[in-house]
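The values are calculated or read from the model by the stated rules, or taken from the named source; none is laboratory data. As the structure is a prediction and not an experimental result, all values here were calculated from the model. FYI the Cβ positions are ideal-geometry reconstructions off the backbone, even for glycines, and counts take in every protein chain you see.
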Amino acid sequence: MSSSKAQLVAKEQLARLAKAYSNNRPAIQHVLTGGFVAYVLLTTYQGLAARPGGKSSRGGKGKGKGKESDTAPRVAVDAVFYQRLSRILRIVIPSLKSREAILLIMHSSLLVFRTAISLYVASLDGKQFYRIVASIVRAQPLAFFLNILRWLLVAVPATWCNSWLSFVESRLSSAYRTRLTDEVVRSYLDDGEGGGKVYYKISNLDDRIKNPDQMITNDIQRFSAHLAAIYANIAKPVLDVILYNYQLSQNVGAEGLVLLTVLVQTSAALLRKLTPPFGQYTALSASLAGSLRHTHSRLSEHAEEIAFFRGEETEKMLLEREYAGVVMHERRVLRGRWWHGIVEEGIVKWLWGSFGLCICAIPVFFKLPGVSVADLGGRTEGFVTNRRLLLSASDALGRVMYSYKDLSELAGYTARVSLLLDTMADVRRGKLEKALVSSADTEENARILRGKGQVIESDEIRFEGVPIVTPNGDILVKSLSFHVKPGEHLLIVGPNGCGKSSLFRILGGLWPVYGGTVHKPPASQFILIPQRPYLPLGTLRDQVIYPHSKLDMEALGRTDEELLSVLSVVQMDHVVEREGGWDAAKEWRDALSGGDKQKIAWARLFYHRPKYAVLDEATSLVPTEMEGRMMDYATELGITLLTVSHRPSLWRYHSMILQYDGQGGYVFTELDAEKRLALQEEKQALETKLLEVPAMRAKLAELKAVVDAQAL
Ligand SMILES: Nc1ncnc2c1ncn2[C@@H]1O[C@H](COP(=O)(O)OP(=O)(O)OP(=O)(O)O)[C@@H](O)[C@H]1O
């Protein structure tokens, strides 16, 4: 008896609760819908926000595959990523009035417009579908075609908007790329005294970046494309999720929506856990592709030497090794994408789709308080609209999920671009990272490496206690002192690898000064002629006037006739006619012989007439009489020469000599070429005589034997 009473009370309470719920349903709906919007925004924020303990990894190459792997940055969607990204964003969107900001505003407006069109299409779909079916059932062709036409009219703004969206996105990507490339190339090729020459230092004095060319071309381009797309890939789906679901909640009730959200978010969390580290994969792919490209460019650069050595097998092995690295990595990524794709599609498309169908059926099977019962037509129309909305909503939610993958990939490219920017900034500040040789650890060497020398601008060249240290920390000379006054030509000699060319690198500001004082004129007053001179892309004229352009030359009042007379000094004037005039453009590196290249470089020296010329085996490929002619003409022009050469024929043009012993010691003294040549000749004569000694001994022994035989 008492239990049936209790049941009655419970029923009454339930009825009261249902009534209260029914009376307050509009308010509850608002709360649930508001909660849903807040939840979507919060989870999106959490998805995108820093995750300190999240999956992170290092980009770069695998174990034991080079230094880049050890210093490559962390790759994860974490606080570091957002710091890097915000720094790059300040470069690519410099102000709110910039072209990029305007494009971004256009892009956002188009995204909102497209969502509005989609919402309209969803609601139209339900109505039109029913009308089209009705006109077929009632056999009304005119009504049928009018309904189709009405439906088609939406295509006009929809296609216009879609096309504009992809156009603006591509423009945005290209604008980002231009900003970044400008910024990078500006500091890469900066000509600042001391702080400049990043393109040299990044490859020679620092270990962090192996392929700056790949980073400046490929990685920046991919980063820009990903950055332009990520906005649409995140902002649009989030907006879509909120709007579609809001609309859906109006039709099926917010309760269904909340239920759907709980189910969807649980499966989404599972999916996220199963997502492989795509950001790390992206950074590693870029690094491996860079290595492969580098190996190919080395092959084409040194094709001649390799061909003579018949080094095809070795080169093939090197290429195959690099390629295998790329392919193995790609296969790993593909395997990851394969199974991730299965899980992703299964959850996003099928599981969420079936949840959705159940939700769409709610107004059909259950009477919702405050919602009037529809007839067959109304039910069909409602179901089609809701299903359409739901498909769009789950598609949008799917895209929010996919956007995490995009975000990871963006993190990979952001890491690469940041590595480039950071390394360039460090190199400009003189903060270099390079593996040092073991001898750098010894007490005295470590002290030298910690030191910092002084560079003072002066008319003459004077080294006072300057150590010569290679980028690896190898100390070639502990303390070098010498001086060159204008007009006093200096000859530098010594065994291979003792630091002769390194002296020029210090003079040119390429290598840091670790101690002492260097007095030197600015780099603009030096010209270097190496053994294999650099010939730029461009016309024949450009080869002689480099780094001037034709406009620079004309602004200085210099003429082609003058260039011709300069070429005639080195007996190269005939090439102007032979090659088709001053404006002929070709790959001069291949068109000229080794000796001709050296002569063109000398003509360049005569055109620029700097105060000092640094000659590093610059006459090794020209005949001795041409060498004399060039040295005499340089002296006539008042150019002071600093010459590295093993050729005794050059001694007589120099008044001072710096002789390294190859053990860290050196002698700096006046050069008496006559005396030195006489000594050299005497030495050579003695050496020749010494070579004859064994033959003379043999002859002597022979004669002795004959004499002894006759005496018997
Ligand atoms: N970018 C670099 N990074 C590391 N070490 C370097 C670099 N450039 C040169 N070195 C090292 O510095 C040392 C001196 O080189 P340098 O070119 O001055 O020799 P050199 O006396 O001119 O020899 P050679 O007569 O053979 O040209 C060499 O051991 C070389 O390996």
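Couple of notes before you dig in:
- Residue within segment 615-624 that is assigned to a helix (DSSP H, G or I), in contact (Cβ under 8 Å) with a residue 12 or more places away in the chain, buried (at least 20 other Cβ atoms within 10 Å of the Cβ) and in contact with a Ser or Thr (Cβ under 6 Å, 6 or more places away or on another chain) present: no
- Cross-chain or 6+ apart pairs with Cβ under 7 Å, segment 493-506 first and under 19 Å from Val518 (Cα atoms), then in a loop (DSSP other than H, G, I, E, B) and more than 7 Å from the ligand (Cβ to nearest atom): Ser502/Trp511; Arg505/Trp511; Ile506/Val513
- As for segment 186-193, it holds at least one residue that is touching a helix residue (DSSP H, G or I) at 6+ places or on another chain (Cβ under 7 Å) and surrounded by 17 or more Cβ atoms within 10 Å (Cβ to Cβ).
- Single residue of Gly509, Gly465, Gly557, Gly497 found to be in a loop (DSSP other than H, G, I, E, B) and at pLDDT 90 or above: Gly557
- Taking the criterion of being within 16 Å of the ligand (Cβ to nearest atom) and closer than 17 Å to Glu183 by Cα, the only residue of segment 424-438 that qualifies is Val427.
- Condition met for Asn445 (near the ligand (Cβ under 10 Å from one of its atoms) and surrounded by 12 or more Cβ atoms within 10 Å (Cβ to Cβ)): no
- Segment 479-505, residues that are over 22 Å from Asp206 (Cα atoms) and within 16 Å of the ligand (Cβ to nearest atom): Leu480, Phe482, Leu490, Leu491, Ile492, Val493, Gly494, Pro495, Asn496
- Any chance Gly487 is within 25 Å of Lys197 (Cα to Cα) and assigned to a loop (DSSP other than H, G, I, E, B): no
- Residue check, Ile529 out of contact with any helix residue (DSSP H, G or I) (no Cβ under 9 Å at 6 or more places or on another chain) and not charged (D, E, K, R): no
- Across segment 506-519, the qualifying residues are those that are farther than 14 Å from Val614 by Cα and β-branched (Val, Ile, Thr), and the one among them that is farthest from the ligand (Cβ to nearest atom) is Thr517.
- Subset of segment 460-476 [among the β-branched types (Val, Ile, Thr) and near the ligand (Cβ under 10 Å from one of its atoms)]: Ile468, Val469, Thr470
To keep it simple, each residue is scored yes or no on (1) modelled with pLDDT of 85 or more; (2) more than 26 Å from Ile529 (Cα to Cα); (3) within 16 Å of the ligand (Cβ to nearest atom).
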position: Tyr633; (1), (2), (3): yes, no, no
position: Gln684; (1), (2), (3): no, yes, no
position: Arg697; (1), (2), (3): yes, yes, no
position: Ala711; (1), (2), (3): no, yes, no
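- Long-range neighbours under 6 Å by Cβ, at least six apart or interchain, first residue within 22 Å of Pro212 (Cα to Cα) within segment 293-317, second outside any helix (DSSP H, G or I) and at pLDDT 80 or above: His294/Asn211
- Test: residue in segment 572-581 that is of a type outside the set (D, E, K, R), in a strand (DSSP E or B) and surrounded by fewer than 19 Cβ atoms within 10 Å (Cβ to Cβ): no
- As a summary of the residue check, Val371 satisfies the conditions (1) closer than 16 Å to Gly256 by Cα; (2) of a type in the set (A, V, I, L, M, F, W, C); (3) modelled with pLDDT of 70 or more except for the one numbered (3).
- Spans of helices (runs of 4 or more DSSP H) in segment 1-96 with at least 1 residues at pLDDT below 75 and surrounded by fewer than 12 Cβ atoms within 10 Å (Cβ to Cβ): 2-23, 25-48
Yes or no, residue by residue, for (1) more than 24 Å from Thr624 (Cβ to Cβ); (2) away from the ligand (no atom under 16 Å from the Cβ):
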position: Arg647; (1), (2): no, no
position: Leu650; (1), (2): no, no
position: His654; (1), (2): no, yes
position: Tyr666; (1), (2): yes, no
position: Asp672; (1), (2): no, yes
position: Leu677; (1), (2): no, yes
position: Gln680; (1), (2): no, yes
position: Leu691; (1), (2): yes, yes
position: Pro694; (1), (2): yes, yes
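- Odd one out for Glu457 among (1) in contact (Cβ under 8 Å) with a residue 60 or more places away in the chain; (2) under 19 Å from Gly508 (Cα atoms); (3) within 14 Å of the ligand (Cβ to nearest atom): (3)
- Any hit, segment 670-680, residues being touching a Lys or Arg at 6+ places or on another chain (Cβ under 8 Å) and outside any helix (DSSP H, G or I): no
- Looking at segment 246-311, the helices (runs of 4 or more DSSP H) lying wholly inside it that each contain 1 or more residues that are crowded, with 19+ Cβ neighbours inside 10 Å and assigned by TED's automatic domain parsing to the domain that holds Ile347 sit at 254-274, 278-301.
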